[in-house]
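The values are calculated or read from the model by the stated rules, or taken from the named source; none is laboratory data. Bear in mind the structure is a predicted one, so any value in this text is a computation, not a measurement. Please note: Cβ atoms are built from the backbone with ideal geometry, for glycine as well, and neighbour counts cover all protein chains shown.
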């Protein structure tokens, strides 16, 4: 979408971004750009910022700057999820998310967690440390039915990476549709009937009012014995108590990149539950992040400066 830019002299048009303009490549000339990476001291004045790219950090300080940006018209987050930005977003501002940045890295981790959990990698590492040879038969990913819950950009990226693993794939999104290749995507309302056949459930849905607590006791109870839950979405999509109750019995297993609470306390029982593999919310934190983030910022700054449509609008406008 295009956001009108006021005529010269009619208002502020300053940009606050986390990367040095020279590192982004060719940008339109004459832009008033200041750099704030979220780690150095913030600019002393930001009440005239019109375009703000939030630094990629879990520190809330960059978000709090929005309270002092009455003139901001466009906010870009470098995260795929954006629920954490909404409480700080000034009235009238348009918000765009980081679609296109995290799909590659997050999908890669989703598959890695799935394979590691099924093939017993955590046990092998512990065996190596203990000097033990833990041979035997372990489950393969091949021939499994994999349900992707949240068939958006990340879900599609997961599917592409599963293409060579000889799985039966079931796609679930907010509403039913068909893919560009004519393949079915089931509505979320169909999920209860789909779960009993799932060997692996990969959750990559955004956190919304509808998905908060989606993976609850009823959801987990519908998964068959020995099934694997993989969560690369948000911790709050899963009811931690319900998950702990199921994995503690060994009925199902889980591999999660996100938890509730987060960070997970050192003494939290989920850390010690059998069949649970936890990575510390690193789905998007890989070498794949920076080049994609910088490309998105460059494209958005160029679109802003030239009056072209801005991408990834998720709120406002």
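Some points to look at:
- Residues being more than 21 Å from residue 246 (Cα to Cα) and surrounded by 14 or more Cβ atoms within 10 Å (Cβ to Cβ) - total across region 191-221: 3
- The one condition from (1) farther than 30 Å from residue 19 by Cβ; (2) in contact with a helix residue (DSSP H, G or I) (Cβ under 7 Å, 6 or more places away or on another chain) that residue 135 does not meet is (2).
Residue by residue, here is whether (1) crowded, with 17+ Cβ neighbours inside 10 Å; (2) outside the structural domain of residue 302 (by TED's automatic domain parsing); (3) at pLDDT 90 or above; (4) assigned to a loop (DSSP other than H, G, I, E, B) holds:
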position	(1), (2), (3), (4)
1	no, yes, no, yes
4	no, yes, no, yes
8	no, yes, no, yes
19	yes, no, yes, yes
22	no, no, yes, no
29	no, no, yes, yes
34	no, no, yes, no
44	no, no, no, yes
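- Index of the failed condition, residue 182 passing every other in (1) in a loop (DSSP other than H, G, I, E, B); (2) closer than 15 Å to residue 150 by Cα: (2)
- Flag for residue 90 being within 25 Å of the chain's Cα centre (by Cα) and surrounded by 15 or more Cβ atoms within 10 Å (Cβ to Cβ): yes
- Criterion applied to 297, 301 was being in contact with a strand residue (DSSP E or B) (Cβ under 6 Å, 6 or more places away or on another chain), part of a helix (DSSP H, G or I) and crowded, with 18+ Cβ neighbours inside 10 Å, and the one residue passing it is 297.
- Checked against the criterion of being in contact with a helix residue (DSSP H, G or I) (Cβ under 6 Å, 6 or more places away or on another chain) and assigned to a loop (DSSP other than H, G, I, E, B), the candidates 91, 55, 70 yield just one match: 55.
- Region 60-81, subset under 14 Å from the mean Cα position of the chain (by Cα) and surrounded by 21 or more Cβ atoms within 10 Å (Cβ to Cβ), residue modelled with the lowest pLDDT: 80
- Selection status of residue 299, without any contact (Cβ under 8 Å) to a residue 60 or more places away in the chain and in the same structural domain as residue 33 (by TED's automatic domain parsing): yes
- Filter result for residue 147 (in contact with a helix residue (DSSP H, G or I) (Cβ under 7 Å, 6 or more places away or on another chain) and either buried (at least 18 other Cβ atoms within 10 Å of the Cβ) or not assigned by TED's automatic domain parsing to the domain that holds residue 271 (or both)): yes
- The set of residues from region 222-264 being under 24 Å from residue 144 (Cα atoms) and exposed (fewer than 15 other Cβ atoms within 10 Å of the Cβ) comprises 224, 225, 226, 249, 250.
A quick yes/no check of all residues on (1) in contact (Cβ under 8 Å) with a residue 60 or more places away in the chain; (2) surrounded by 15 or more Cβ atoms within 10 Å (Cβ to Cβ):
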| position | (1), (2) |
| --- | --- |
| 110 | yes, yes |
| 124 | no, yes |
| 128 | no, no |
| 151 | no, yes |
| 165 | no, yes |
| 172 | no, yes |
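- Summed over region 251-291, the residues that are within 21 Å of residue 202 (Cβ to Cβ) and touching a residue at least 24 places away in the same chain (Cβ under 8 Å) give a count of 26.
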